[in-house]
Amino acid sequence: MNEVKNIVVIGASAGGINSVSSLLSGLSVNIDAALFVVIHLGINSQPSVIIDIFKRYTDLDCRVASNNLKFENHAVYLAPVNHQLLIEKKVMKVRKGAPENHYRPSIDVLFRSAAAAYSCCVTGIILSGMLDDGASGMSTIKKNGGVCMVQDPQEAQFPDMPVNVLQTIQVDYTTGIDQMAKLLNERFAVAQASD
């Protein structure tokens, strides 16, 4: 098993299930990265249902994040409802923790932990959503040398979260989801071994 060197963290809220599904549909199944997703969901939501939706759009390994699970490349991990998702070196932590920005899971919590553990090897992505969760976390990713991508607010179903990031930091890319997937595929392409 190849060690994970690249981390992609994705934050979304209202309109997020569709946005994340669209992004996943454009990603190569061989992407050289592990992907972590926080979507603000209601307390009675079932993450396993969201995972089933994701699986309709991608052949990447999609699963609900669990505590102390060692993460892998070519996989997507969704934060469970009412828990914070954090990344440490080689392993994820799922904890009850306090809400942040009124949310548990919080995008900022995930993004800050990724930046602390993987610094310049982190790519942060903010998609459709209301309010400003993710803006502080993206700032931390940027300060640690990571790459910041924001969905074009004109494309986002709910543009607040992308707009708030754009008002906070100078992002690397503001683009539509299709182009975002292409950028990720180029950035994390796996070299094909010759036969």
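Rule-based calculations on the coordinates, nothing more; no lab input. Computed from a predicted model, the values in this text were never measured in an experiment. Virtual Cβ from ideal backbone geometry, glycine too; neighbours counted across all protein chains shown.
Computed over the chain, the per-residue total of -39500 (n - 2.57) for DSSP H runs of n ≥ 4 gives a 222 nm mean residue ellipticity of -9000 deg cm²/dmol, rounded to 500. Along the chain, counting only trypsin sites (Lys or Arg not before Pro) with a DSSP assignment other than H, G, I, E or B and at most 16 other Cβ atoms inside a 10 Å radius, the longest segment between sites is 97-195. Using the Cβ of T168 as centre and a radius below 15 Å, the other residues enclosed give a net charge of -2, where K and R count +1 and D and E count -1. Between A116, I169, H74, the Cα set farthest toward the positive side of the dipole of the chain (charges on each charged residue's Cβ, about the Cα centre) is that of A116. Be a star and scan the range 20-44 for residues whose amide nitrogen sits under 19 Å from the point 7 Å along the Cα-to-Cβ vector of N185. From the range 20-44, the list is 20-35. Kirkwood hydrodynamic radius computed over the chain comes to 16.1 Å, based on all pairs of distinct alpha carbons.
With a 10 Å cut-off between alpha carbons and a GNM built on the chain, which of L183, L85, L27 moves the most? Of L183, L85, L27, the Gaussian network model singles out L183 as fluctuating most.
Of all beta bridges DSSP finds with both residues in the range 21-158, what is the antiparallel percent, to the nearest 5? Looking only at bridges with both residues in the range 21-158, the antiparallel portion is about 35 percent. Legend: ranking of residues L41, L23 from fewest to most surrounding C-beta atoms inside 10 Å; resulting order L41, L23. The lysine pair tally for the chain, using Cα distances under 17 Å and a gap of 8 or more places or different chains, is 6. If R0 equals 25 Å, the separation of the Cβ atoms of K143 and A98 corresponds to a calculated FRET efficiency of about 0.60.
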